[in-house]
Structures are given as C-alpha cells and as structure tokens.
1. Name the residues in region 23-40 that are within 23 Å of the chain's Cα centre (by Cα) and buried (at least 16 other Cβ atoms within 10 Å of the Cβ), would you?
2. Give the residue that is surrounded by the most Cβ atoms within 10 Å (Cβ to Cβ), with candidates limited to residues of region 1-22 that are among the hydroxyl-bearing types (Ser, Thr, Tyr) and either part of a helix (DSSP H, G or I) or at pLDDT 95 or above (or both).
3. How many residues does region 144-164 hold that are in a helix (DSSP H, G or I), surrounded by fewer than 17 Cβ atoms within 10 Å (Cβ to Cβ) and either in contact (Cβ under 8 Å) with a residue 40 or more places away in the chain or of a type in the set (Val, Ile, Thr) (or both)?
4. On the basis of being loosely packed, with under 14 Cβ neighbours inside 10 Å, among the hydrophobic types (A, V, I, L, M, F, W, C) and within 27 Å of Ala21 (Cα to Cα), does Val125 make the cut?
5. Does at least one position in region 68-86 carry a residue that is modelled with pLDDT under 75 and assigned to a helix (DSSP H, G or I)?
Amino acid sequence: MTTPATRSRQNTRARLLDAAAQVFAEVGLEGATVEAVVERAGFTRGAFYSNFESMDELFLTLANSVGEARVSTVRERITAMIEANAISECDPADLVQQVMDSGEDDRLDVMLMSEIRIRALRDPVFGAAYLAGEREIVASITAIIRQIVDTGQITLRIDAEEAARLLMVVWEGMVVRGAMGGEDTQDLRRAGSSALGRMVELMKV
C-alpha cells in the first residue's frame, strides 16, 4: 500500500528529475548544479539531499529512467502483440519497426546519455555505477527477447542476452549518429528501428 508520505517522496523525486533534465538541456551535464536544479523544481537543497546523495546519483537515476522508459514501452507493445496473436503476422524486421516506432526518443535523451557516458569514461566509480544500471536494462531487454522467442515465431542463432547487448549497442550508435546529423525525433526512431530490423534478420535462423 502506497502511503501519502511515499507518494510525496515519489513526486519530489520526479520533479527533481524533470528539473534536472531541463537544466541539462540548457547548460549540459558539467554546468548543472544542485542550486540550479532545486530552483527549477521549486525545492530547497534539503529536499535534494533527502532524495539524492549527489548530482552524480541524480544523473545516473535520470539515465536509468530514460532506459527504463524505453524498455517499458517496448515491453507493453510486445505483450499487446502477443496477446493479439500478432507476432506471427510480422517478419522480424517489421516486428522491430513496429515496436521501436512506439517509443519517444529525442535529441535531449541522446545528448544526456552521451554526456553521461563521457563522465563514466573519466570517473571509474561513476563508470562502475553506470555499468550496473546498464546491466539491469540489458536484463530487461533479454527478458523481452525471450518472451518473443517463446512464441515459437522466431529462433535466434545466439542467446537472448548476447542479442540484447548487440541490439542495444546498434540502437545507441544509430541514434547518436542521427542526432549528430541533425535528424528530428521521428527520423531518429526510424534510423534506429531500421538498423535493429537488419540486425534481427542477421541473428535469426
């Protein structure tokens, strides 16, 4: 049972994360400060530190939320397609296209994740924390792939976890390059999903 205190804490964290994303959009990761985030969110420093130990923890949480939102959208789409027996009606490339086009990736997400990865490269402790969050995302993607394989409509040449890692790397690479080329949100999704479709074609038996 969710108590009023729990809901209040969740709302505070959500507002801080939203404010952090807005501040990041304006000044980047290095320019973002606790003061700027709490001012944007309408809170005090005390509210910040009762929810996050540091800006590093906040940005790692924000990075994880981006990945989790994408995975949640994909999971819901796949589950709906399985329940409607629609998986069998799609070839793998079309399936990936349909699923990934339901997401909401944008340039801000791409920029945020790119800066966080640079931060992770420079700081081993931050990097270890980032990789721990990434492993959770990979585990979630692996579960989705196994859900699809269990329908019997697709058989892969490699195991689900390896497929999950490869698909994540390809997706990230394509959307980063698309963002560099000035593509809008719709084009970013199209480029990413098209590349994943080709990868699935190579992976399947």
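1. Those that are within 23 Å of the chain's Cα centre (by Cα) and buried (at least 16 other Cβ atoms within 10 Å of the Cβ): Val23, Phe24, Leu29, Ala32, Val37.
2. Thr12
3. 2
4. Judged against the criteria, Val125 is a match.
5. Checked against the condition, which is being modelled with pLDDT under 75 and assigned to a helix (DSSP H, G or I), region 68-86 yields no hits at all.
The values are calculated or read from the model by the stated rules, or taken from the named source; none is laboratory data. None of the values given here were measured: they were computed from a predicted structure. For neighbour counting, all protein chains shown are included, and Cβ atoms are generated from backbone atoms with ideal geometry for every residue, glycine included.
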